[in-house]
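Below is one structure; the comments refer to it alone.
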Amino acid sequence: MKTKILFSFLLLMLPAFLFASSVITPLDGKVTDAKTGEAIPGAVIRIPDLRIVTISDKNGVYHFNNLPRGTYLVQVSSLGYRAIAESVNLSVASNHNFQLQASAVEVNEVVITGVSKATEIKRNPVPMVAIGKSFLDQRAASNNVIDEIANLPGISAVTTGPNISKPFIHGLGYNRVVTLQDGIRQEGQQWGDEHGIEVDQNTIDRVEIIKGPASLTYGSDAIGGVVNLLTPQPVAEGTIKGAVTNSYGTNNGLWNNSVNLFGNNKGLVWGTVLSSKVAKDYQNPHDGRVYATGFKEKDVHLMLGVNKSWGYSYFHATLFDDQQDIPDGSRDSITRKFTKQITDADTYRPIVSDKELNSYDIPVLHQRVQLYRVYNNSNFVIGPGNLIVNLGYQYSHRREYTHPQDADIPGLNLQLNSYTYDVKYNYPLGNGYDATLGVNGMYQDNKLGSNSTDFPIPAYHQFDIGPFLVARKTFGKLDLAGGVRYDSRSFTGQAAYIDTTKAYFPQLYTGANPTNANNVTQQFSALSKTFSGATGSFGATYNFSHAFAVKANIARGFRAPSIAELSANGPDPGSQIYHIGNSDFKPEFSLQEDFGAFLTLPYVSASMEIYNNRISNYIFQEQELNADGSPVITQGYNTFTYVQTKAKIQGAEFNLDIHPVSWLHFANALTLTYGQNLGNGSAVPDSLKYLPFIPPLHTHSELRGSFAKGYKSLRNLFAFVGFDHFNAQDRFFAAYGTETYTAGYNLLSAGLGGSLYNSKGRNVMSLFVEGTNLANVSYQSNMSRLKYFDNATVPTGVQPGIFNMGRNITFKLVIPVDFK
């Protein structure tokens with residue numbers, strides 16, 4: 001099966017090599033100040049669809065060689081100016097000048113996620129947000145790439161400690177949000193709570209987020225949206241650039257060190273990123289140091305590719321290796337100090353010493369997540385259009401070591417092989433029409449590794465396929481976009497049985513019951529399921545002027561149940577949950593309406609976005625209780641069962657940025673998310689009326705000063721003070737003790753930084769400092785799963801669970817290297 005899939009990939013790529021266009025043309029011009037007419041040296045000119053970049057010289061002149069004929073969006077940016085994006089038809093012109101206006105307001109963001117070709121956000125009906133490298137650099141205190149974006153309006157994250165974060169978009173996460181790296185699906189047991197996204201944050205240069213159903217172009221699991229983590233674009237031809245980055249966080253002693261280097265020699269492009277992160281247990285005023293929240297992570301990313309007149313082709317290889325402590329929240333009943341498990345029988349737990357709490361050593365009980373990935377991004381110019389081929393292979397190996405007296409035996413041992421494919425042809429139909437015809441999906445093979453003792457999900461095979469058609473039409477100020485898609489997902493798996501002769505080390509068998517003995521029980525039934533469904537979307541954007549635009553979009557999403565939702569029947573020690581699935585589940589379908597209005601004036605920018613999302617067959621977990629109200633305990637863990645219902649999620653995002661002078665911004669954002677359980681026909685009791693993991697009302701205010709041109713040798717100077725308010729979450733899924741009330745809280749943050757330039761105008765170093773929770777507030781986020789980690793019995797008057805991180809100040813030093 002694997003060989004057939006790979007062979008099909010090669011066949012799909014063959015036409016590109018046979019019919020690639022050889023009609024080429026140069027492009028040159030000048031970049032000037034729109035007001036003064038002066039040349040702008042050092043401006044960055046990019047053509048995203050061709051992944052090429054150049055820099056204007058001291059006279060503002062730029063030049064590209066050997067570009068394929070066609071119409072491309074060209075993006076131009078420079079320090080202290082508003083970025084612009086203009087379409088250039090290389091079939092009729094080889095010279096194009098650009099004029100930039102001085103501004104501190106970033107507009108005209110260009111995105112490549114979920115569109116047929118590079119598109120300005122302001123012309124795309126689908127709700128989106130994009131952030132660049134400067135934003136990521138200034139969020140120096142984040143422990144991972146998801147935390148760097150989790151404060152954006154509409155975005156949040158479910159966390160299980162400082163290095164474990166999963167993205168949520170408008171209240172939807174896990175297998176409802178597709179995470180991509182360079183357009184390639186990130187696959188690694190997304191249903192689980194206790195591991196994060198297997199991507200090195202130091203490799204990410206830009207993040208593009210679709211906020212809403214993206215099943216049209218990404219298939220099942222994108223019913224909630226898409227997070228596309230993009231690595232750096234190639235450097236300009238004839239250059240070698242890189243940087244050495246070092247970060248230190250005061251709260252958990254986090255060291256994040258990385259080195260990267262990228263080159264481009266006559267279209268041969270290459271790059272590498274090597275990273276290492278290590279942290280000890282974090283601390284807060286309520287808990288002190290929180291035992292078993294440290295981690296060690298090592299990452300490697302290699303890239304080799306070519307840019308030619310026929311397009312480009314890039315090959316990437318990555319290694320993600322994370323050793324993560326496993327907290328359980330157990331404490332001494334009198335002192336409330338953290339304790340640890342030392343025997344499998346677990347009859348006595350000693351208090352964790354201060355020395356161990358301050359150590360960088362990984363304890364015996366920990367998890368190790370490794371992900372090996374190779375993928376290729378190719379774009380071939382064929383006739384008037386282009387063929388995009390994205391192929392990937394990933395091997396995810398996740399182990400949880402849960403036996404203190406047998407440290408080398410993993411409790412959980414999951415091995416997932418994923419082959420992903422995405423092939424599409426973009427064709428300009430003329431007269432403002434563009435169309436994309438494509439097909440994408442994946443094949444997965446999940447195995448349960450030998451010597452493991454916990455089996456939450458079965459071994460299985462999965463195959464996805466989804467053909468789609470997307471079209472776009474521009475009528476002057478009006479842009480229309482829409483499309484249709486049909487998805488199919490199939491699961492197959494053998495029955496599995498457990499021999500419980502050995503109490504702590506049961507043996508799993510697949511196939512027929514091997515012995516029919518009394519000590520053999522069935523763990524998983526045989527599995528053969530196929531889910532399918534049609535999706536579509538239609539939207540419009542109208543730009544009344546450069547200052548005001550409105551958007552509207554309606555989309556139908558599709559999601560097949562995950563393997564855990566269908567077949568789970570076992571413990572996941574890191575999440576402290578025994579999962580039970582239901583093979584009778586139906587696929588989810590959603591219908592979401594979005595509307596947005598956007599205003600950009602010289603001194604004020606504002607936006608409003610509202611959405612309404614109805615989901616049929618919505619799947620979520622609820623805790624099981626005994627008749628006396630106590631939790632059902634299975635193999636030592638609280639038991640959670642997946643259930644299905646109708647649901648509705650509504651919300652809104654408001655943004656207001658006041659900038660009375662070019663260097664000063666007072667930015668404000670408010671995010672509302674309401675999730676309601678509509679039930680299956682009968683009245684829904686109060687304890688069941690809300691959905692789990694819905695973020696509360698969140699406001700963010702930030703006063704920021706930015707001085708791009710700086711003072712003498714200091715440039716790119718900035719300083720900010722931020723204030724975040726999170727309402728109490730009293731709209732929670734209270735039934736069966738699944739969720740509990742979360743008190744509101746306020747957080748204060750601040751940061752500053754800048755770059756030092758030498759007499760030749762070259763960047764010598766950049767320093768970023770960020771402080772989070774500066775008031776050292778003791779708080780629990782309702783999106784933190786550690787909120788529920790504690791002893792079964794908690795003293796009266798004591799708030800149970802683990803609190804979030806206290807005050808943290810992070811210093812980030814970036815030393816660039818630049819060779820001609």
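The values are calculated or read from the model by the stated rules, or taken from the named source; none is laboratory data. These numbers were taken from a predicted model, which means no experiment stands behind them. Cβ placement follows ideal geometry from the backbone for every residue including glycine, while neighbour counts extend to all protein chains displayed.
List of remarks:
- Single residue of G311, G263, G305, G294 found to be more than 30 Å from P68 (Cβ to Cβ), in contact (Cβ under 8 Å) with a residue 12 or more places away in the chain and either surrounded by fewer than 18 Cβ atoms within 10 Å (Cβ to Cβ) or small (G, A, S) (or both): G294
- Here A597, A627, A606 are screened, and the one residue that is surrounded by fewer than 18 Cβ atoms within 10 Å (Cβ to Cβ) and not in a strand (DSSP E or B) is A627.
- Of the strands (runs of 3 or more DSSP E) contained entirely in the stretch 72-149, those carrying at least 1 residues that are modelled with pLDDT of 85 or more, in contact with a Lys or Arg (Cβ under 7 Å, 6 or more places away or on another chain) and closer than 19 Å to G539 by Cα fall at 128-131.
- Under the condition of being assigned to a strand (DSSP E or B) and buried (at least 23 other Cβ atoms within 10 Å of the Cβ), the residues counted in the stretch 545-560 number 6.
- Here A734 passes the criteria (1) at pLDDT 95 or above; (2) over 25 Å from the mean Cα position of the chain (by Cα); (3) closer than 30 Å to G173 by Cα except the one numbered (1).
- The residues on offer are F654, F666, and the sole one that is of a type in the set (A, V, I, L, M, F, W, C), farther than 21 Å from H170 by Cβ and in a strand (DSSP E or B) is F666.
- Restricting attention to the stretch 400-457, the residues that are of a type in the set (V, I, T), touching a helix residue (DSSP H, G or I) at 6+ places or on another chain (Cβ under 6 Å) and closer than 30 Å to N569 by Cα total 2.
- Filter result (surrounded by fewer than 19 Cβ atoms within 10 Å (Cβ to Cβ), of a type in the set (S, T, Y) and closer than 16 Å to T740 by Cα) within the stretch 675-704: S687
- The combined condition, being farther than 30 Å from P506 by Cβ, assigned by TED's automatic domain parsing to the domain that holds T293, of a type in the set (D, E, K, R) and assigned to a loop (DSSP other than H, G, I, E, B), is fulfilled by K586.
- Selection of strands (runs of 3 or more DSSP E) fully inside the stretch 468-544 by the criterion of at least 1 residues being among the aromatic types (F, W, Y) and at pLDDT 95 or above returns 478-493, 527-543.
- Qualifying residue in the stretch 227-239 (condition: surrounded by fewer than 24 Cβ atoms within 10 Å (Cβ to Cβ), in contact with a helix residue (DSSP H, G or I) (Cβ under 7 Å, 6 or more places away or on another chain) and not in a loop (DSSP other than H, G, I, E, B)): no
- Test for T347: is it polar (S, T, N, Q), surrounded by fewer than 20 Cβ atoms within 10 Å (Cβ to Cβ) and either part of a loop (DSSP other than H, G, I, E, B) or in contact (Cβ under 8 Å) with a residue 24 or more places away in the chain (or both): yes
- A93 satisfies every condition listed in (1) under 30 Å from L254 (Cα atoms); (2) aliphatic (A, V, I, L, M); (3) surrounded by fewer than 21 Cβ atoms within 10 Å (Cβ to Cβ) except (1).
- Candidates G629, G574, filtered to the one that is at positive phi and modelled with pLDDT under 90: G629
- Tabulated pairs, the stretch 428-439, first closer than 19 Å to G536 by Cβ, second assigned to a loop (DSSP other than H, G, I, E, B), C-beta under 6 angstrom, 6+ apart or interchain: D434/S116; T436/S116
- All conditions in (1) within 29 Å of G533 (Cβ to Cβ); (2) surrounded by 20 or more Cβ atoms within 10 Å (Cβ to Cβ) hold for V381, with the sole exception of (1).
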